[in-house]
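Colleague: Mind looking over this structure? Questions follow.
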Amino acid sequence: MSRPESRPEEIHLIVETVDRYNPQNISVLEEYVATQLASNQYDRTACLALLKLYQFNPSEVNLYVVASILALALGALPESDFTLCLYLLREDWLEDPLVAHLVHMHNLLEQTKFAAFWRYLEEEDAVREFTSNDYPLFEENVREFIATTLGMTFQTISIERLEEMLDLSGEDLGDWVKSREGWGVNADDDSLVDLPVTAWNQARSVVVQEDIRFEQLTKILARSRVAQ
Amino acid sequence: MADIPDRYFDEDEVHADQVELPTVFASDQFTAVVEGYSAAQPAFSSQVKLPEPVAKFLTQFHTHLVDRNTWELHAFYENSFNKLTEKFYSKVAWPDADSISHLVNDDAAFLILYKELYYRHLYSKLQPTLEDRIGSYSNYCDLFNFILNTSEEPCELELPSQWLWDIIDEFVYQFQSFAQYRIKIKNKSEAEIELLKERPDVWNVHNVLNVLYSLIQKSQINEQLVAFRNGGDIAAAGGELGSKPLYRMLGYFSLVGLLRVHCLLGDYALALSTMENVEPGQRGLFSRITACHVTTYYYIGFAYMMMRRYSDAVKMFANILNFVSRTKHYHSRSYQYDMLVRKSDQMYALLSMCLVLSPQKIDENINNVLKDKYGEHYLKMQKGEEGLSSFEELFSYACPKFISPSPPDLENPNPIVHDAVKHQARIFLNEVKSQLLVPTLRSYLKLYSNLPVEKLAGFLDSEPDDVRTQLLVFKHKSRQIVWNSGPLSSGTLVPTSDLQFYLSQDVIYIAENKVGRRVADWFIRNMNKFEDIITTMDKKAVPAASS
């Protein structure tokens, strides 16, 4: 993983060296997580390094920070970061209410139950409070993931369905659609939205031809020279 | 620099010289001695003097070590030791170091190496006690101190590469074994618990990591690999220590050891970044030790699989399984043959899971073996809910033995125990669950070029809304990061499915990729084969003509 631009030197020296195993760095990395949430600048390596320190020193774990990292990873979908974080946790930590909420929301998103995700967020005050206080761009990041997934699947979609999946309606939805490149209300039927046609949402049969790499021929070429 | 290959091999070609041949020394002088010794000899007690062949073996072994006769050492290590083990120590431990010390002039370095063999043998044939585990750990500390802290002077030891690999491999194995042993608090005696409390340093994860990181750093192996990749001077990059085979090999093997430790702890991102300077598919310098080569691919492939990079995992497994199937006959008499067979079997299991999760074409030979071994599983895994048990079965058979890095609470008779294997399995299976219906969906979509959602819902006995969700799942899951070039962890998000579709309102439009005939590959392979035959014939013809 390359270094994110937003990563301070101090953090870089921790996570890219064996200093990442030093439990004294836990507090610095915890503060850095809060910064990432507030500024929406996610640093996967630093988050995983902190979870590793918790894994090695379970008595030091701060489950609120764990939940914060999971929220950041959720915002990084479609990357599999959330799963990578889960692998490093202990099973008993998953019982923490906030952590459990995030795991559930992750499942909904992985199963592309987008409408259910928004309903869940609406109903669970604890999560909404946490994200709106600590991670203001959470909803926007998730919406971006949903939009790209829809963009891979649909060429046209009804506004009704779009409202449900993006949790936007009326003018908000109109503005949002306008802000996205290539998206627009269908000219003939204003209950539909057209999505840009990309390599992802087409159905063109391609014949895969074999490629021959130069290296495959080196032996034959070498021999032909000897033969002369 | 003689050991640096000056060319890259065609992936399809495996040469005998790429493989460390464990059986070439089968007829060394020592074999005769061993075989001449009557098996009818009564069993000796450990207190009684050593069997003569063993005593002779040890003195000669010591001489070769002192003379730095790597070639002979290799033979002694790979063959004689195993033959004597079969003969005398198949059910008991080798004599302890104290009782053989007089045979080797109390040579401290030799005794450390002997103890390494002694414990390794004990772990493989007997049940190690806590004292054995501590003893072995202390011996590894002595060994690595001897190599790493020889007051600036490089250590002059020279050992066969195979042995060096086995040392690192065993070191990580015993660390893993200890973590599994430690977690079972309930069946420990009080004395054992006390001993565990007294020695928190033993097989401590920090100490183990420290050894591996130190070997990597001292050998400057990463710098060497970068130089190797860029065609630079690797001896210069290695410096005084790293240019010596002992350090270079230990450094490289430690990278692989670290890859494994990170996987055992569930840290797949770190596992891959450990290998950032290693290029997959690069043959030569380090692929000669087959066990190391196979281990590397197994763990990289596994990490990819857990990161949901199934397409990359498939490439890793298919590549190494191809290598193994073409070189297996070299190893049929090696002490590592069983390990090779088992690891291959596990990789076929992993490969079949990856292919269900991300269908793609693979090498035909590998595909045939796969169908042979796991054909039934493969079909069942595509059948939604009912296939889940097959995923579970294959995963638990083929996964690494995950461990928890922190000790359980020894003060508490019933501590909360984190079951690392279950935890990893649960997360993986949860991921599988979220895409259980994709294979079924796929089988229907393949039959049409366009299909209304309603109609598909009818086939699936489901609601149109649910079908739309499943179509989104299909798209979401077939988007994977795929490696292109550069570090293993890098890659770009691409669609991996050979089935393309999109929805326009409520109609699905579908097209399938077709694979053109692959002829060039066949021709290249046969041209090479033909040339090889001619070369062999030429070689044979010359002496015949002159005699």
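Colleague: Just one of B:SER90, B:SER99 is among the hydroxyl-bearing types (Ser, Thr, Tyr), more than 24 Å from the chain's Cα centre (by Cα) and not in a helix (DSSP H, G or I); which is it?
Modeller: Within the list B:SER90, B:SER99, the selection yields B:SER90.
Colleague: Is there a residue being touching a Ser or Thr at 6+ places or on another chain (Cβ under 6 Å) and outside the structural domain of B:LYS380 (by TED's automatic domain parsing) anywhere in the range B:455-469?
Modeller: Looking through the range B:455-469, at least one residue is touching a Ser or Thr at 6+ places or on another chain (Cβ under 6 Å) and outside the structural domain of B:LYS380 (by TED's automatic domain parsing).
Colleague: Turning to a different aspect of this structure: Do we find a residue being facing chain A (nearest Cβ under 9 Å), in a strand (DSSP E or B) and under 30 Å from B:GLU276 (Cβ atoms) anywhere in the range B:431-448?
Modeller: no
Colleague: Going by the conditions given, is B:LEU388 within 14 Å of chain A (Cβ to nearest Cβ) and farther than 24 Å from B:LYS343 by Cβ?
Modeller: Here the answer is no, as B:LEU388 does not meet what is asked.
Colleague: Within the range B:300-316, track down each residue that is of a type in the set (Lys, Arg) and in contact with a Lys or Arg (Cβ under 9 Å, 6 or more places away or on another chain).
Modeller: The answer is B:ARG308, and nothing else.
Colleague: When you scan the range A:193-212, how many residues do you find that are facing another protein chain (nearest Cβ under 7 Å), more than 27 Å from B:PHE523 (Cβ to Cβ) and open to solvent by less than 50 Å² (accessible area, probe 1.4 Å)?
Modeller: 3
Colleague: Every residue in the range B:346-378 that is within 14 Å of B:TYR297 (Cβ to Cβ) and out of contact with any Leu (no Cβ under 8 Å at 6 or more places or on another chain), please.
Modeller: Scanning the range B:346-378 gives B:GLN346, B:CYS354.
Colleague: When both residues are 6+ apart or on different chains and their Cβ atoms are under 6 Å apart, which pairs have a first residue that lies in the range B:69-80 and is modelled with pLDDT of 80 or more, and a second that is in a helix (DSSP H, G or I)?
Modeller: From the range B:69-80, the pairs are B:GLU72/B:HIS64; B:LEU73/B:HIS64; B:PHE76/B:PHE61; B:TYR77/B:TRP163; B:SER80/B:PHE30; B:SER80/B:PHE57.
Colleague: Among (1) of a type in the set (Lys, Arg); (2) under 30 Å from B:ALA269 (Cβ atoms); (3) touching a residue at least 24 places away in the same chain (Cβ under 8 Å), where does B:ARG525 come up short?
Modeller: Looking at each condition in turn, B:ARG525 falls short on (2).
Colleague: Here's something else I'd like to know. Residues to consider are A:LEU74, A:LEU108; find the one that is closer than 15 Å to B:ILE427 by Cα and part of a helix (DSSP H, G or I).
Modeller: A:LEU108
Colleague: Then there's this: Restricting to the range B:471-488, name every residue that is hydroxyl-bearing (Ser, Thr, Tyr), in contact (Cβ under 8 Å) with a residue 40 or more places away in the chain and closer than 15 Å to B:LYS315 by Cβ.
Modeller: Result: no residue meets the conditions.
One line per residue, one yes/no per condition, for (1) part of a helix (DSSP H, G or I); (2) surrounded by fewer than 20 Cβ atoms within 10 Å (Cβ to Cβ); (3) within 14 Å of chain A (Cβ to nearest Cβ):
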position: B:LYS188; (1), (2), (3): no, yes, no
position: B:GLU194; (1), (2), (3): yes, yes, no
position: B:ASN210; (1), (2), (3): yes, yes, yes
position: B:SER214; (1), (2), (3): yes, yes, yes
position: B:GLN217; (1), (2), (3): yes, yes, yes
position: B:ASN222; (1), (2), (3): yes, yes, yes
position: B:VAL226; (1), (2), (3): yes, yes, no
position: B:GLY231; (1), (2), (3): no, yes, no
position: B:LEU241; (1), (2), (3): yes, no, no
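Colleague: Tell me the residue from A:GLU215, A:GLU160 that is more than 10 Å from chain B (Cβ to nearest Cβ), open to solvent by 40 Å² or more (accessible area, probe 1.4 Å) and among the charged types (D, E, K, R), please.
Modeller: Exactly one of A:GLU215, A:GLU160 is more than 10 Å from chain B (Cβ to nearest Cβ), open to solvent by 40 Å² or more (accessible area, probe 1.4 Å) and among the charged types (D, E, K, R), namely A:GLU160.
For every residue, the table says whether it meets (1) of a type outside the set (Lys, Arg); (2) crowded, with 22+ Cβ neighbours inside 10 Å; (3) modelled with pLDDT under 90; (4) more than 15 Å from the chain's Cα centre (by Cα).
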position: B:LEU272; (1), (2), (3), (4): yes, yes, no, no
position: B:ILE289; (1), (2), (3), (4): yes, yes, yes, no
position: B:TYR299; (1), (2), (3), (4): yes, yes, no, no
position: B:PHE302; (1), (2), (3), (4): yes, yes, no, no
position: B:ASP312; (1), (2), (3), (4): yes, yes, no, yes
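Colleague: Within the bounds of the range B:166-186, is there any residue that is in the same structural domain as B:TYR118 (by TED's automatic domain parsing), aromatic (Phe, Trp, Tyr) and touching a residue at least 60 places away in the same chain (Cβ under 8 Å)?
Modeller: No, there is no match, as no residue in the range B:166-186 is in the same structural domain as B:TYR118 (by TED's automatic domain parsing), aromatic (Phe, Trp, Tyr) and touching a residue at least 60 places away in the same chain (Cβ under 8 Å).
Colleague: Same structure, new question: For the range B:416-426: of the residues being buried (at least 18 other Cβ atoms within 10 Å of the Cβ) and within 7 Å of another protein chain (Cβ to nearest Cβ), which is nearest to B:CYS399 (Cα to Cα)?
Modeller: B:GLN424
Colleague: Would you check which residues across the range B:243-270 are open to solvent by 10 Å² or more (accessible area, probe 1.4 Å) and either within 11 Å of chain A (Cβ to nearest Cβ) or not aliphatic (A, V, I, L, M) (or both) and list them?
Modeller: Of everything in the range B:243-270, those that are open to solvent by 10 Å² or more (accessible area, probe 1.4 Å) and either within 11 Å of chain A (Cβ to nearest Cβ) or not aliphatic (A, V, I, L, M) (or both) turn out to be B:SER243, B:LYS244, B:PRO245, B:ARG248, B:TYR252, B:ARG260, B:ALA269, B:LEU270.
Colleague: Now for a different question. Which of (1) at pLDDT below 90; (2) assigned to a helix (DSSP H, G or I) is the odd one out, the single condition B:ILE167 does not satisfy?
Modeller: Exception for B:ILE167: condition (1).
Colleague: Looking at B:TYR310, B:TYR268, which one is assigned by TED's automatic domain parsing to the domain that holds B:LEU429 and closer than 27 Å to B:ILE481 by Cα?
Modeller: B:TYR310
Colleague: Does A:VAL99 meet the test of being more than 9 Å from chain B (Cβ to nearest Cβ) and open to solvent by 10 Å² or more (accessible area, probe 1.4 Å)?
Modeller: Considered against the rule, which asks whether it is more than 9 Å from chain B (Cβ to nearest Cβ) and open to solvent by 10 Å² or more (accessible area, probe 1.4 Å), A:VAL99 comes out as no.
Colleague: Please go through (1) within 19 Å of the chain's Cα centre (by Cα); (2) β-branched (Val, Ile, Thr); (3) under 24 Å from B:LEU503 (Cβ atoms) for A:VAL103 and return the number of the only condition it doesn't satisfy.
Modeller: If we test A:VAL103 against (1) within 19 Å of the chain's Cα centre (by Cα); (2) β-branched (Val, Ile, Thr); (3) under 24 Å from B:LEU503 (Cβ atoms), just (3) comes out false.
Colleague: Then there's this: From the list A:LEU13, A:LEU84, A:LEU53, A:LEU88, pick out the single residue that is open to solvent by less than 10 Å² (accessible area, probe 1.4 Å) and more than 10 Å from every other protein chain (Cβ to nearest Cβ).
Modeller: Every option except A:LEU53 fails the conditions.
Colleague: A further question follows. Is it fair to say A:GLN36 is more than 27 Å from B:ILE403 (Cα to Cα), part of a helix (DSSP H, G or I) and open to solvent by less than 60 Å² (accessible area, probe 1.4 Å)?
Modeller: Yes; evaluated as a whole, the condition is true for this residue.
Colleague: Show me the helices (runs of 4 or more DSSP H) entirely contained within the range B:243-359 in which 2 or more residues are under 21 Å from A:ARG44 (Cβ atoms).
Modeller: B:245-264, B:268-274, B:290-306, B:310-327
Colleague: Related question: Exactly one of these conditions fails for B:LEU394: (1) within 16 Å of the chain's Cα centre (by Cα); (2) open to solvent by less than 70 Å² (accessible area, probe 1.4 Å); (3) more than 30 Å from B:LYS514 (Cα to Cα). Give me its number.
Modeller: Condition not satisfied by B:LEU394: (1).
The values are calculated or read from the model by the stated rules, or taken from the named source; none is laboratory data. Since the structure is predicted, the reported quantities are computational estimates derived from the model, not experimental observations. Every residue, glycine among them, receives a Cβ derived from its backbone with ideal geometry; neighbour counts consider all protein chains shown. Surface accessibility is based on the protein's heavy atoms, side chains included, excluding ligands, DNA and RNA. Shrake-Rupley method; radii C 1.70, N 1.55, O 1.52, S 1.80 Å.
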